[in-house]
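Right, one structure below, let's go through it.
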Amino acid sequence: MHKEKFLKYIEFRKKYSPHTINSYAHDISQFNIFCTETYNINTEQEIVTDFKIIRRWISNLALQENSSRTINRKLSSLRSYYNFLMREGFINSNPVIKIVRPKTEKKLPEFVSEDDINVLLDSGELFNNDFEGTRDKLIVELLYGTGIRRAELIGINISDIDIEKRTIKVTGKGNKQRIIPFPKVVVLVFDKYITFRNEILTDTNKLLITKSGKPVYPNLVYRVVTKNISLVSSIKKSSPHTLRHSYATHLLNNGADINAVKELLGHANLSATQIYTHNTFEKLNKIYKQAHPRAKK
């Protein structure tokens with residue numbers, strides 16, 4: 001590696017991403033050491049001529065048990081460096097663009113177990129018996145009972161709820177509306193909440209409001225969900241979306257058709273829904289290993 005070019009690149013990087021400069025410098029230096037010590041390659045142009053050296057570096061990183069995510073980060077650092085060299089006129093092509101990146105495993109969404117959800121919503125002890133406690137329970141009941149997104153929840157008007165049919169109309173991404181059924185238990189919480197709500201002076205038609213009569217906001221919903229999930233579950237991270245994940249996973253675990261779940265979630269493509277089948281498969285695989293007489297052999 002040409003030292004002056006590298007130092008010039010580092011100065012360039014400091015202007016745009018000072019917080020990650022050490023990571024960039026480490027990744028590029030690591031590649032340089034690999035090239036010089038393993039193949040006695042000392043110039044960037046040699047890498048342009050023989051880009052397969054980058055593939056060998058990736059293989060070496062994989063043998064050292066680096067994750068696909070880490071390897072892709074290192075490739076991004078290297079690509080950035082060679083882009084800089086191209087802009088400066090030191091080389092005429094970027095060898096990294098010829099490299100196929102390792103596939104990263106999709107993180108499976110975390111969800112709350114059915115037992116923990118039942119404890120949260122059925123114990124009768126975790127939500128206060130006042131306006132805010134009832135509203136907070138309704139927030140959790142609606143998010144888990146319908147699988148709607150936080151923004152969809154906040155956007156619900158009172159007129160969007162049909163108590164007799166037990167359905168709710170929500171407006172999702174791209175202003176697409178869909179009608180979703182909700183469980184019978186939600187009716188009781190809804191009626192109790194409306195009684196409290198009618199005592200508060202407000203001029204909004206939004207279903208969910210604060211004590212001062214204003215519509216609820218994203219951070220409030222986030223706090224309500226994370227606080228209450230932490231009371232019953234040990235999952236490391238939770239959010240309103242965790243209840244959406246739980247809704248989809250529990251439906252599939254109990255035999256729901258994946259296309260029906262897709263429509264309920266408001267997904268444009270089935271591929272977005274299919275990630276939940278991984279959790280379902282894990283459950284089925286566990287049952288198989290516990291129950292099948294030849295699974296333990």
Among the residues of the range 34-42, are any farther than 18 Å from HIS2 by Cβ and either polar (S, T, N, Q) or assigned to a helix (DSSP H, G or I) (or both)?
yes
Qualifying residue in the range 187-195 (condition: acidic (Asp, Glu) and crowded, with 19+ Cβ neighbours inside 10 Å)
no
Mind checking which residues of the range 156-193 are charged (D, E, K, R), in contact (Cβ under 8 Å) with a residue 40 or more places away in the chain and more than 21 Å from THR204 (Cβ to Cβ)?
LYS173, LYS176, ARG178
Selected residue (only one of ASN228, ASN253, ASN205 is more than 19 Å from the chain's Cα centre (by Cα), crowded, with 20+ Cβ neighbours inside 10 Å and either among the polar types (S, T, N, Q) or under 24 Å from LYS173 (Cα atoms) (or both)):
ASN228
Is there a residue being basic (Lys, Arg), in contact with a Pro (Cβ under 6 Å, 6 or more places away or on another chain) and touching a residue at least 24 places away in the same chain (Cβ under 8 Å) anywhere in the range 199-206?
yes
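Test LEU188 against the criterion of being under 18 Å from the mean Cα position of the chain (by Cα) and among the aliphatic types (A, V, I, L, M), and give yes or no.
no
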Failed criterion for SER80 (all others in (1) assigned by TED's automatic domain parsing to the domain that holds LYS237; (2) in a helix (DSSP H, G or I); (3) surrounded by 17 or more Cβ atoms within 10 Å (Cβ to Cβ) hold):
(1)
Being in contact with a Leu (Cβ under 8 Å, 6 or more places away or on another chain), surrounded by 14 or more Cβ atoms within 10 Å (Cβ to Cβ) and assigned to a helix (DSSP H, G or I): is that true of ILE58 here?
yes
Condition check: part of a helix (DSSP H, G or I), touching a strand residue (DSSP E or B) at 6+ places or on another chain (Cβ under 6 Å) and modelled with pLDDT of 95 or more. Does GLU152 satisfy that?
yes
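The values are calculated or read from the model by the stated rules, or taken from the named source; none is laboratory data. Keep in mind it's a predicted model, so treat the numbers as computed, not measured. Cβ coordinates were reconstructed from backbone atoms using ideal geometry, including for glycine residues, and neighbour counts include every protein chain displayed.
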